[in-house]
1. Looking at the range 131-148, I want the residues that are more than 16 Å from Val186 (Cβ to Cβ) and have a partner that is β-branched (Val, Ile, Thr) and in a strand (DSSP E or B) with Cβ atoms under 7 Å, at least 6 apart or on another chain. Which pairs are those?
2. Out of all the residues in the range 79-103, which are touching a helix residue (DSSP H, G or I) at 6+ places or on another chain (Cβ under 6 Å) and either farther than 17 Å from Arg185 by Cα or crowded, with 24+ Cβ neighbours inside 10 Å (or both)?
3. Is it the case that Asp287 is closer than 22 Å to Ala379 by Cβ and not aliphatic (A, V, I, L, M)?
4. What number of residues in the range 377-399 are surrounded by 15 or more Cβ atoms within 10 Å (Cβ to Cβ) and assigned to a loop (DSSP other than H, G, I, E, B)?
5. Might you let me know whether the range 34-46 holds any residue that is assigned by TED's automatic domain parsing to the domain that holds Thr384 and crowded, with 24+ Cβ neighbours inside 10 Å?
6. Which residue pairs have Cβ atoms under 8 Å apart, sit 6 or more places apart or on different chains, and have a first residue in the range 190-213 that is in the same structural domain as Arg24 (by TED's automatic domain parsing) and more than 19 Å from Val226 (Cα to Cα) and a second that is surrounded by 14 or more Cβ atoms within 10 Å (Cβ to Cβ) and not β-branched (Val, Ile, Thr)?
7. Exactly one of (1) out of contact with any His (no Cβ under 7 Å at 6 or more places or on another chain); (2) under 21 Å from Asn157 (Cα atoms) is unmet by Ala257. Its number?
8. Output the residues belonging to the range 343-353 that are at negative phi and either surrounded by fewer than 17 Cβ atoms within 10 Å (Cβ to Cβ) or in contact with a His (Cβ under 7 Å, 6 or more places away or on another chain) (or both).
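The values are calculated or read from the model by the stated rules, or taken from the named source; none is laboratory data. Just so we're clear, the structure is a prediction, and the values are computed from it rather than from any experiment. Cβ coordinates were reconstructed from backbone atoms using ideal geometry, including for glycine residues, and neighbour counts include every protein chain displayed.
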Amino acid sequence: MSRTVIVVLDGFGVGAMPDAGALRPGDTAADTCGHLLDHCRRARGRALHLPALSALGLGLVHPHPDLAARTTLPVAAGRAALGYPGADTYAGHQTMMGADFRTVAVARLAGHLDAAAAALRAAGHEAEPLDHLPVLLVDGVVLVHDNLEADPGINWNVSGRLDDLPFRQILSIAETVRPVAPVARVIAVGGHADAPLAEFVRTGDGGAVGLDTPASGFYRNGGLQVKHLGGPLDHTRQLPDLAARAGIPVTLVGKAADILACDAAVRRPAVATADALAHALDAVRADGDALVVANIQETDLAGHQQDADRYGSVLERTDQGLGELLALLGTPGDCLIVTGDHGNDPTIGHAFHTREFVPVLMYRPGSAPGRLPDAGSLADLGATAAVCLGIAPDGLAHGTVLRPLRQAG
């Protein structure tokens, strides 16, 4: 029996990557893990209770005084660079599963306005800039614009009111824009707004211009419909598809169930941390081989809210679940990998993701403990997980197997 579980702590970084300040110079100081531990010790008068993460070697990756500097478990610990531009959950998970997202660009719509307008006109639409802004008004009712809720240039949105047209038409416009968009995602969004969408267009960070979606009423008025159109990739060369074709049951939990493609997978969407952990534990308790990919989303949500207290509480609850997973994964051949997809430092002073290294904590019963080299990409985790499952990693589009640099003394 071979069970491999990948737990992604969404938005959990362990220090800024060298290019973290390219968008915001202050992000060179980003350290989600360290700043969170510091804040919670000050606010609570005690360290966060993270025995499982400490046992998994987090203190070997981040030498914080509140983390154990040694572990007796068969753990290989290191950290990974993201391996894709920016800091984005969708690109992070696709990369982790073996996709090559190195060519995805961070690009504002302003630099591609003419190409997007030409594609829309060729498809029979009217498309003109809105009030001389780098926003396209399509057929008088739909906006193509920068996503203001992510880092500038990470995603574009195609937004329309469902009172004006059905969602399938909004999605069709987004599908027309997708081939000329160099960004990781084009997101089709339909909802019920309080007024015409043009009234909610504003300038965001870094020169981005787009719809202020929360102010529009889309999120509070009900009926919201969303479809994420990712950049071109071959899902058959990602870990879930490889595992399924090898006869290994695949379970996708939390946000992983929403953004990863695998027709054969069992999907368990969940936002609440307790629910996501329960789904992951249930999948591990099933008999036989398994690949489980579980995203813990509430860490990222707390980062966006700049709420370090909530983040700390979510991390402690997650640690309890990791302890339960460790108790179940005791058979040689089992593997638990705990990592992140980017950073989201709740103390940095803004509500965006931070471009940080993420931890790679790999527990394998019966193996020798050691340190892992820095991974050049999250894709290296997918390649390593493939080996744990007995799958040839060269079936993935990208990724290099991580092997311990040395045995722990």
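1. What qualifies is Leu133/Val201; Leu133/Val209.
2. As a first pass, look at the range 79-103 and keep what is touching a helix residue (DSSP H, G or I) at 6+ places or on another chain (Cβ under 6 Å): 79, 83-84, 90, 93, 95-98, 101.
Passing the criteria: Arg79, Tyr84, Tyr90, His93, Thr95, Met96, Met97, Gly98, Phe101.
3. Details: closer than 22 Å to Ala379 by Cβ: no; not aliphatic (A, V, I, L, M): yes.
Considered against the rule, which asks whether it is closer than 22 Å to Ala379 by Cβ and not aliphatic (A, V, I, L, M), Asp287 comes out as no.
4. So the count comes out to 8.
5. Just the residues of the range 34-46 that are assigned by TED's automatic domain parsing to the domain that holds Thr384, to begin with: 34-46.
So of that shortlist, the ones also crowded, with 24+ Cβ neighbours inside 10 Å come out as 36.
Within the range 34-46, one or more residues are assigned by TED's automatic domain parsing to the domain that holds Thr384 and crowded, with 24+ Cβ neighbours inside 10 Å.
6. none
7. (2)
8. Within the range 343-353, the subset at negative phi is 343-348, 350-353.
Across the range 343-353, the qualifying residues are Gly343, Asn344, Asp345, Thr347, His350, Ala351, His353.
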